[in-house]
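The values are calculated or read from the model by the stated rules, or taken from the named source; none is laboratory data. For clarity, every value in this text was computed on a predicted model and none was experimentally measured. Using ideal geometry, Cβ is built from the backbone for each residue, glycine included, and neighbour counts are taken over all protein chains shown. Surface areas here come from the heavy atoms of the whole protein model, side chains and all, with no ligands, DNA or RNA. Shrake-Rupley method; radii C 1.70, N 1.55, O 1.52, S 1.80 Å.
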Amino acid sequence: MAGHQRYSAAAALADAITADSSALYYPDDGHADPYTLAQLYARSARAAGAQIIAHCAVSRLESQGGTFTGVYLASGEFIRADSVVLAAGPWSAALAYDYDIALAMAPVRSHYWITNNQPQVDANQPMAIIPSAKAYFRSEQSALLFGVRDSQCCVADPRALPHDIHSFHFAEDANGWLALEEHWHNLLALCPLLEQAQLSHYLSGVSSYTPDGKPLLGRLEQYSNAFVATGCSGAGIAFSGGIGRLLSEQILGKPTFVAAEEFSPARFATLQPPADPMSAEFRLHCARARSGKSTG
């Protein structure tokens with residue numbers, strides 16, 4: 001691709017990371033802080049006339065004749081709507097299931113570790129994604145942040161997710177030690193710095209994975225004015241701008257800038273096992289999509 005240059009891994013990656021293979025270096029890539037990006041979207045939306053109601057949960061949807069007429073908030077307020085977009089992240093499956101909508105996704109664990117401050121770590125060093133090792137590294141100020149895609153399938157029942165996701169822990173390997181043990185020798189080979197660094201933080205979260213690792217975007221078959229934007233498989237922040245554009249084009253009935261069928265919620269209609277987020281067998285199928293993923 002134009003502008004992409006091939007380097008040895010020793011040159012393309014940070015000094016703290018070593019490897020023997022070649023690598024691609026993308027000088028214009030970066031990573032965004034999710035909170036800051038969300039605030040930017042919110043400011044832009046308000047400037048365009050949107051009203052954002054924060055800290056108020058949706059209690060239920062109102063439907064009539066194959067359409068959603070609006071939403072009831074937990075406060076009891078009813079908001080009438082011409083179109084409804086279900087974009088509730090990992091809670092989407094449980095909410096949709098109340099209306100006989102089976103979203104092909106499951107809450108799967110994503111996690112990473114952060115070391116203590118290390119003099120070798122430069123806050124401006126490039127992020128390194130190493131598909132063959134199913135690992136990635138980036139700086140967190142003067143500390144090193146890294147994550148792995150372990151072979152465990154840590155997945156949850158969507159109905160078990162609490163309102164405050166920060167209080168949730170997966171039943172399997174709650175502290176990530178088994179995942180770290182599985183990859184430790186490979187991580188040390190890639191990053192000898194880890195042998196002397198201390199692990200200061202472990203953070204695990206919930207990603208909504210689909211069987212093919214692609215998001216669920218578009219109109220729902222069961223309701224003529226209902227759309228979904230979820231199941232982003234760990235890439236929601238990276239895809240967010242495109243997701244917003246695609247959904248707005250679909251809602252307004254305009255030509256889409258990408259082939260929308262690739263992300264259609266109906267693409268798993270003939271899947272075996274059936275796409276049922278309340279089925280333990282299906283949730284395991286989704287979890288394997290993360291464990292087997294080799295890309296960033």
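Figures for the structure shown
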{"read-out": "Residue in region 9-64 that is modelled with the lowest pLDDT, counting only those that are among the polar types (S, T, N, Q), surrounded by 11 or more Cβ atoms within 10 Å (Cβ to Cβ) and farther than 30 Å from Asn225 by Cβ", "value": "Thr18"}
{"read-out": "Residue within region 149-162 that is closer than 26 Å to Ile243 by Cα, assigned to a strand (DSSP E or B) and in contact with a strand residue (DSSP E or B) (Cβ under 8 Å, 6 or more places away or on another chain) present", "value": "yes"}
{"read-out": "Whichever residue in region 147-166 is among the aliphatic types (A, V, I, L, M) and under 18 Å from the mean Cα position of the chain (by Cα) and, among such residues, is surrounded by the most Cβ atoms within 10 Å (Cβ to Cβ)", "value": "Val155"}
{"read-out": "Of all residues making up region 115-129, the number that are closer than 27 Å to Ala289 by Cα and open to solvent by less than 20 Å² (accessible area, probe 1.4 Å)", "value": "1"}
{"read-out": "Output for region 167-197, where each listed residue is open to solvent by 40 Å² or more (accessible area, probe 1.4 Å) and under 26 Å from Glu281 (Cα atoms)", "value": "Ser167, His169, Ala171, Glu172, Ala174, Asn175, Trp177, Leu178, Glu182"}
{"read-out": "Residue list for region 89-119, restricted to those being outside any strand (DSSP E or B) and under 11 Å from the mean Cα position of the chain (by Cα)", "value": "Gly89, Pro90"}
{"read-out": "Residue in region 280-294 that is of a type in the set (A, V, I, L, M), outside any strand (DSSP E or B) and touching an Asp or Glu at 6+ places or on another chain (Cβ under 7 Å) present", "value": "yes"}
{"read-out": "Tabulated pairs, region 117-132, first farther than 13 Å from Ala143 by Cα, second among the aliphatic types (A, V, I, L, M), C-beta under 6 angstrom, 6+ apart or interchain", "value": "Ala128/Leu13; Ala128/Ile17"}
{"read-out": "Long-range neighbours under 9 Å by Cβ, at least six apart or interchain, first residue basic (Lys, Arg) within region 158-183, second part of a helix (DSSP H, G or I) and open to solvent by less than 60 Å² (accessible area, probe 1.4 Å)", "value": "Arg159/Ala93; Arg159/Ala94"}
{"read-out": "Ala266 of a type in the set (Gly, Ala, Ser), under 28 Å from Lys134 (Cβ atoms) and either open to solvent by 30 Å² or more (accessible area, probe 1.4 Å) or not in a loop (DSSP other than H, G, I, E, B) (or both)", "value": "no"}
{"read-out": "Counted residues, region 28-59 - those being more than 18 Å from Ala88 (Cβ to Cβ), touching a residue at least 24 places away in the same chain (Cβ under 8 Å) and part of a loop (DSSP other than H, G, I, E, B)", "value": "5"}
{"read-out": "Residue within region 181-199 that is under 17 Å from the mean Cα position of the chain (by Cα) and within 30 Å of Thr36 (Cβ to Cβ) present", "value": "no"}
{"read-out": "Exclusive hit being hydroxyl-bearing (Ser, Thr, Tyr), within 30 Å of Glu140 (Cβ to Cβ) and surrounded by 16 or more Cβ atoms within 10 Å (Cβ to Cβ), set Ser233, Ser200", "value": "Ser233"}
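Let's see how each residue does on (1) surrounded by 17 or more Cβ atoms within 10 Å (Cβ to Cβ); (2) without any contact (Cβ under 8 Å) to a residue 12 or more places away in the chain; (3) assigned to a helix (DSSP H, G or I); (4) among the hydrophobic types (A, V, I, L, M, F, W, C):
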site: Gly241; (1), (2), (3), (4): no, yes, yes, no
site: Leu247; (1), (2), (3), (4): yes, no, yes, yes
site: Pro255; (1), (2), (3), (4): no, yes, no, no
site: Val258; (1), (2), (3), (4): no, no, no, yes
site: Leu271; (1), (2), (3), (4): no, no, no, yes
